[in-house]
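The values are calculated or read from the model by the stated rules, or taken from the named source; none is laboratory data. Computed from a predicted model, the values in this text were never measured in an experiment. When we count neighbours, we look across all protein chains shown, and the Cβ atoms used for this are built from the backbone with ideal geometry, even at glycine. Side chains included, ligands, DNA and RNA excluded: accessible areas come from the protein's heavy atoms. Shrake-Rupley method; radii C 1.70, N 1.55, O 1.52, S 1.80 Å.
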Amino acid sequence: MQVPASFQYRKATSVAHALALLQEYGPESVVIAGGHSLLPMMKLRLAHPEALIDINELDEIAGIHVEDGELVIGAMARHAELLACAEAGEHFPILHEAERVIADPIVRNRGTIGGSLCQADPSEDLSAVFAALRANLVVRGPDGDRTVAARDFFVGPYQTVLAPGELLGEIRVPITAGGTPAASAYEKVDRRAGDWAVGAVGAVVEVVGGVLAQVGIGLTALGAERFVAAEAEDFLRGEPPDEERLVEAGAIAARHCRPAADQRGPVDYKRHLAGELVTRALRRAVGRVG
Ligand SMILES: Cc1cc2nc3c(=O)[nH]c(=O)nc-3n(C[C@H](O)[C@H](O)[C@H](O)COP(=O)(O)OP(=O)(O)OC[C@H]3O[C@@H](n4cnc5c(N)ncnc54)[C@H](O)[C@@H]3O)c2cc1C
C-alpha cells in the first residue's frame, strides 16, 4: 500500500484565512482542492508537503457565472459543474467538448478547474483550452490580487508563475474579446474513453469580414511551448479561413511542436496527430462561425 509522508492538515474558511495559513506554514505548505492530482503524487512520494491547506469550503472562489461580458469560473468549480453549465457551453463549445473527455464522472465530480490548471501537467486538457481562449487568471496573494494571462501562467511542466503563499482565485474568459463572439472546438485522441490524451487540440477563431481577426490554438500533450501553437496562429491571423490554409496551419503546428515518445506513441505519430488535430479543430471551429 502506498502511504504519503506525514503532514499537517488545516481547513480554510475563507480566502483570507487560506492565505494566512499559507503564510503561517510557509513554503512547504500547499492548498488541496479535489486532491485527484495531489494525493496520488503524495502517495508516490513525488510530493511531500508539510501542511495541506484545504480550500474545499471556499465559496468565494467557487461557482460559474457571467459578469461584465466575461465567463467567470471559480478555481473551486468542479469539472462536472463546468460540463453542466449551459452558458459556458453556449459561448464556448470547446469547454464542454474538453470536459466530456476528461477522465470519468468520479474524477469530474471532485476535481476542480483551478486544480487542473495549477497542476500544469502537460497532458491536462484545460491548460491548452484556456490558453487557446486567451483566458485571464486571477491570482490571490498576501499583497492583493494580480491577473495573469493563461498563456503566461505556465512556465514548464508542472510549473506555474504562482509564488509560495498565492492561490488561483478564478478564470475569466472574455465572451466577445474583439467585439465578435468566438467560435471554438476541441479534438482529442485517447486510447480509451476517459484516458489522458495521446494528443489533443483546441481551436478558437474570430472571423470578421471574412478573415480571421483572432486565432487561438492550444495543444495538449504534444510538447507545445506554453501549450500554444503560436506559429500556426500567426500564419492564420488576418487571412481568410479557407481549407488550404487550415491544412497548412496544421503542418506548421506539427513542425514546431516537440512531443515526447512514451507509452502512448512515438514522436512521429504524435507530430502527425498534432497536424491532423489542428486542422480538424480549426475546421470545426470555423464551421461554427455565425
Ligand atoms: C484517474 C484520473 C484520470 C484523469 N484524466 C484526466 C484527463 O483525461 N484529462 C485531464 O485534463 N485531467 C485528467 N485528470 C486530472 C484531473 O482533471 C485533475 O486531477 C484534477 O482536476 C485536479 O484538480 P484537483 O482539484 O483534484 O487538484 P488537486 O489535486 O487538489 O491539486 C493539484 C495541484 O494544484 C494545486 N492547487 C489546487 N487548487 C489550487 C488553487 N486554487 N490555487 C493554487 N494551487 C492550487 C495543489 O496545491 C496541487 O499542487 C485525471 C485524474 C485522475 C485521478
Q: Report yes if V138 is open to solvent by less than 40 Å² (accessible area, probe 1.4 Å), hydrophobic (A, V, I, L, M, F, W, C), out of contact with any helix residue (DSSP H, G or I) (no Cβ under 8 Å at 6 or more places or on another chain) and within 13 Å of the ligand (Cβ to nearest atom), otherwise no.
A: yes
Q | Residue within the range 192-199 that is outside the structural domain of E124 (by TED's automatic domain parsing), surrounded by fewer than 16 Cβ atoms within 10 Å (Cβ to Cβ) and in contact with a strand residue (DSSP E or B) (Cβ under 8 Å, 6 or more places away or on another chain) present | A | no
Q. Just wondering, is there one or more residues in the range 49-57 that are within 11 Å of the ligand (Cβ to nearest atom), open to solvent by 30 Å² or more (accessible area, probe 1.4 Å) and not in a strand (DSSP E or B)?
A. yes
Q.
So, R151, is that one open to solvent by 30 Å² or more (accessible area, probe 1.4 Å) and not in a loop (DSSP other than H, G, I, E, B) or not?
A. yes
**Q.** Pairs where the first residue, in the range 16-32, is closer than 16 Å to L162 by Cβ and the second is within 14 Å of the ligand (Cβ to nearest atom) and polar (S, T, N, Q), C-beta under 8 Å, 6+ apart
**A.** L21/S29; L22/S29; I32/N56
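Within the range 1-37, can you find the residues that are in a loop (DSSP other than H, G, I, E, B) and either of a type in the set (G, A, S) or touching a Phe, Trp or Tyr at 6+ places or on another chain (Cβ under 9 Å) (or both)? Don't jump to the end; show me each part of the working.
Of the residues in the range 1-37, the ones in a loop (DSSP other than H, G, I, E, B) are 1-7, 12-14, 33-37.
Hits for the range 1-37 are A5, S6, A12, S14, A33, G34, G35, S37.
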Q) Here are some conditions: (1) touching a strand residue (DSSP E or B) at 6+ places or on another chain (Cβ under 7 Å); (2) away from the ligand (no atom under 16 Å from the Cβ). A260 meets all but one. Which one does it not meet? A) (1)
Q | Pick from the range 160-185, criterion within 11 Å of the ligand (Cβ to nearest atom) and outside any loop (DSSP other than H, G, I, E, B), ranking: surrounded by the fewest Cβ atoms within 10 Å (Cβ to Cβ) | A | T160
**Q.** Breaking point among (1) modelled with pLDDT under 95; (2) over 14 Å from the mean Cα position of the chain (by Cα), for V215
**A.** (1)
Q. Of everything in the range 244-260 that's among the small types (G, A, S) and open to solvent by 10 Å² or more (accessible area, probe 1.4 Å), which residue is farthest from A285 (Cα to Cα)?
A. A260
Q: Quick one: in the range 263-287, of everything that is closer than 18 Å to A221 by Cβ and among the charged types (D, E, K, R), which residue is least open to solvent (accessible area, probe 1.4 Å)?
A: K270
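Do the conditions hold for G199, that is, is it closer than 17 Å to A98 by Cβ and within 14 Å of the ligand (Cβ to nearest atom)?
Values: closer than 17 Å to A98 by Cβ: yes; within 14 Å of the ligand (Cβ to nearest atom): yes.
So G199 fits the description; yes.
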